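Everything below concerns the one structure shown next.
Here, each number is a calculation from the coordinates, and none is a lab measurement. Every value quoted in this text rests on a predicted model; they were computed, and no experiment measured them. Heads up, the Cβs are rebuilt from the backbone with ideal geometry, glycines too, and the neighbour counts pull from every protein chain shown.
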There are 2 protein chains.
Amino acid sequence: MNNFIYQNPVKIVFGKDQINSLGSLLPKNGKIMVTYGGGSIKQNGIYDSIVKALDGFSYIEFGGIEPNPKYETLMKAVQIGKQENVDFLLAIGGGSVLDGTKFIAAALPIDNDPWDILLGKTTVNTAIPIGTVLTLPATGSEMNGGAVISRISTKEKYAFISPLVMPQFSILDPQVCSSLPHKQIANGIVDTYVHVVEQYITYPVNAMVQDYFAESILKTLIEVAPKVLSENPAYDDFANFMWSATIALNGIIGSGVPQDWATHDIGHELTALHGIDHARTLAIVLPGLLSVMRSTKREKLEQYAYRIWGISAGTSDERIDEAIAKTIAFFESTGIKTRLNDYGVNGTTISVIASRFKSRGTILGENQDINYETVEKILNIRL
Amino acid sequence: MNNFIYQNPVKIVFGKDQINSLGSLLPKNGKIMVTYGGGSIKQNGIYDSIVKALDGFSYIEFGGIEPNPKYETLMKAVQIGKQENVDFLLAIGGGSVLDGTKFIAAALPIDNDPWDILLGKTTVNTAIPIGTVLTLPATGSEMNGGAVISRISTKEKYAFISPLVMPQFSILDPQVCSSLPHKQIANGIVDTYVHVVEQYITYPVNAMVQDYFAESILKTLIEVAPKVLSENPAYDDFANFMWSATIALNGIIGSGVPQDWATHDIGHELTALHGIDHARTLAIVLPGLLSVMRSTKREKLEQYAYRIWGISAGTSDERIDEAIAKTIAFFESTGIKTRLNDYGVNGTTISVIASRFKSRGTILGENQDINYETVEKILNIRL
């Protein structure tokens, strides 16, 4: 097991009607900015609950944070936040609203261009405190310090991580899932699944609890997916799905083990260039990555094949191929297509992505051995 | 899944030589009290590392906190701490030292009798901050707000829980395990195993992640026990054991599920009356509890039998009996005896414990259906 430091102070308030405790979690004084997305919370009743809970608090609203939250939009919130002396941010939404709000939190206190945070040129030294009400299980943003932000002008998408933008609290009521479209639930399932795999299928370091925990979440997702995508999911199905998404990326399964976020990094390019849903880019890329990188991931791939899919017969490569095929079939079972062609993307895009990685000098993977040529190979087998 | 609130801000600093980061974790100013136990840290080199790391800090020492830490001893530390204006506590030891230090932390700021905290008559409203260096994996105290304290004068043993006594940081270096006697490692394995079972074998609430996580820790313990008890354990064996003990009781597997701490409550009486090691009392009581309470625990017992021990043949009761037999055999395989007679305890003690519970009106169990008569039944089948 590798050495690690783990600390996650986010207060999770999980369960039915927990939104009722919002008032007791917010700071009594000061100015709150309530952030949200395209307005679906105004249809499903969540907005009304929030407004009710905010009675007596001083707050302003900032709506319109889009999927793959945009720097350009968020900077408007930063400007308003400065004018209004906002000192608490309440994010109502899914990963995009939460990530965008983390960026606002880090950008509000500084005077230089906050895009530098994404470029790693500015360190986050202070941030406005955040609370969240999660409306879409998927990214795990509600219990970590990570955020991914896009910039329209340059078609770029970058991540930053800081413990200072971890929410002070996150309210998770699984009932919110009942108003979600199938597409978003499927995205959430696949996003969570890939988060786990990226912390699990690398090389073995004999971290038994972390491996079993990662497999626990994968097994839960495989069992729960058909239920949450059925006609009448039960409350507990949503609860298991929602808690899986949070715990997949709160640091606990990734502590003390190598990680490989290449699937995300490659996927971000597909979103930046073609606007493909984040989770769908992961479903495209992951099978290619696992196949191309099988020599260095072999032991964990074999473990994954056996412990998750019960595959024990055949040569090592046959077992790995079968495990990858099962993974693809699982993604497709949620209604998510897994090939570039399914999204109208062809070899031209692959060349663009490869040359972007080449010019940036990006090297990915747990062994730092995935260069632009390997990225090209990975994407070519996903055409 | 039940509603829950989960928050655990303890910073875990885990791995080889992490004691070197102690200096950077301690407050630069103020007065530190370093607490420890019987002095084994002076033989194994840990004390020397601590003294080195404390160079430049202002500190005093308080040694001699015994196993099952005593109110009488701890009150001496409280008195000294008040005289010396101690404002940070650094606990070096296992669960007893850590628990004792939590009591000191809660007792230092108050003027009334701190025993009232154990009796539930005084709420902890403030506490001196704590850091820990764990020397014995077992109780999980390094990542929670719980403590168990004994009182010699009354032969009583009670627990208190407060988020205010959660350590600010805990340093976990698995290398410390190599100097531990087999007996203490065996105790740590069994203590951890029972902690998990008490959060797992109750009644099902369809909490899939929590169940799989609990099973993950049990499987890890079963696999790792013979290794850490062998002649030459590897570093990773100790690391897996140590992380299991911490994660078993940091709240993550117990969130959103019913819990049954009756085994602990009954076991505490055996320690209070006969001085039997805490873990050994659990190994005695648990099999009796699972057997007597099988009607309300049936579904989870069957799940435990199948998922942990692979038992699928026979009637429900046969499967449960076999799972309990396997559990006993596992405990005994670590060298721990599991019957009251093994410790020279007879029916007289059972009567004393039953009458204690009767006079206190204690009712235990996840369904609040274990009264003194059931306790008597549980202990009688463990003679």
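Structure data summary
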| read-out | value |
| --- | --- |
| Using alpha-carbon coordinates, inclination of helix B:208-228 to the longest axis of chain B, degrees | 80 |
| C-alpha long axis of helix B:235-248 to longest principal axis of chain B, angle in ° | 80 |
| Gaussian network model of chain B, springs between alpha carbon atoms under 10 Å - residue of B:L26, B:L119, B:L89 with greatest fluctuation | B:L119 |
| Cα-centred dipole magnitude for segment A:232-370, charges only on beta-carbon of K, R (+1) and D, E (-1), debye, nearest 20 | 320 |
| Ratio Rg/Rh [Cα only; Rh per Kirkwood] for segment B:81-199 | 0.98 |
| Formal net charge of residues neighbouring B:S141 (Cβ-Cβ distance under 13 Å; K, R +1; D, E -1) | -2 |
| Alpha-carbon Rg/Rh ratio, for chain A, with Rh computed the Kirkwood way | 0.96 |
| For the protein assembly as shown, projected area of the alpha-carbon convex hull averaged over all directions, nm² | 33.6 |
| Average other protein chain Cβ within 10 Å of Cβ, residues B:7-16 | 6 |
| Taking all pairs of distinct alpha-carbon atoms in segment A:131-236, Kirkwood radius in angstrom | 15.9 |
| Cα-based helix-to-principal-axis angle, B:71-83 vs chain B, degrees rounded to 10 | 30 |
| Cubic angstrom per residue, convex hull over Cα atoms of segment A:181-380 | 116 |
| For segment B:44-132, Kirkwood radius (reciprocal of mean inverse C-alpha pair distance, Å) | 13.7 |
| Closest approach to the axis - chain B beta-carbon, rotation onto A, Å | B:P9, 2 |
| In nm, spacing of pseudo-spin labels at B:S24 and B:K337 (7 Å Cα→C-beta vector) | 4.9 |
| FRET efficiency for A:E84 and B:T362, using Cβ-Cβ distance with R0 set to 51 Å, rounded to 0.05 | 0.40 |
| Square roots of five times the Cα gyration tensor eigenvalues for segment B:265-320, Å | 28, 11, 8 |
| Dimensionless Rg over Rh [segment B:4-92; C-alpha; Kirkwood] | 0.99 |
| J(HN,Hα) series, segment A:294-300, from Karplus relation 6.51 cos²θ - 1.76 cosθ + 1.60, nearest Hz, glycine and proline x | 5, 5, 7, 9, 3, 4, 6 |
| Contact order normalised by residue count of segment B:182-380, Cα under 8 Å, 6+ apart, percent | 25 |
| Position A:V51, label points 7 Å along Cα→Cβ, spacing to each other copy in nm (shortest first, one decimal) | 6.9 |
| Copy-to-copy label separations for B:T315, where each label sits 7 Å from Cα toward Cβ, in nm and ascending | 5.2 |
| Dimensions in Å of segment A:123-181 - Rg and Dmax from alpha carbons | 13.7, 39 |
| Estimated Rh, segment B:11-175: Kirkwood, alpha-carbon pairs, angstrom | 15.6 |
| Exceeding the 30 Å Cα-Cα cut-off - candidates A:K183/A:K326; A:K16/A:K42; B:K121/B:K300 | B:K121/B:K300 |
| Of the trypsin sites (Lys or Arg not before Pro) in segment B:1-63, those whose Cβ has at most 15 other Cβ within 10 Å and which sit in DSSP loop | B:K16, B:K28 |
| 17 Å Cα-Cα reach of B:K11 towards aspartates and glutamates, excluding residues that sit fewer than 8 places from it in its own chain | B:E142, B:D173 |
| Copies compared at B:I363 - label distances in nm, ascending, label defined 7 Å from Cα in the Cβ direction | 6.6 |
| Extension gain (nm, one decimal) between B:Q259 and B:Q43, 0.36 nm per residue minus Cα-Cα | 73.8 nm |
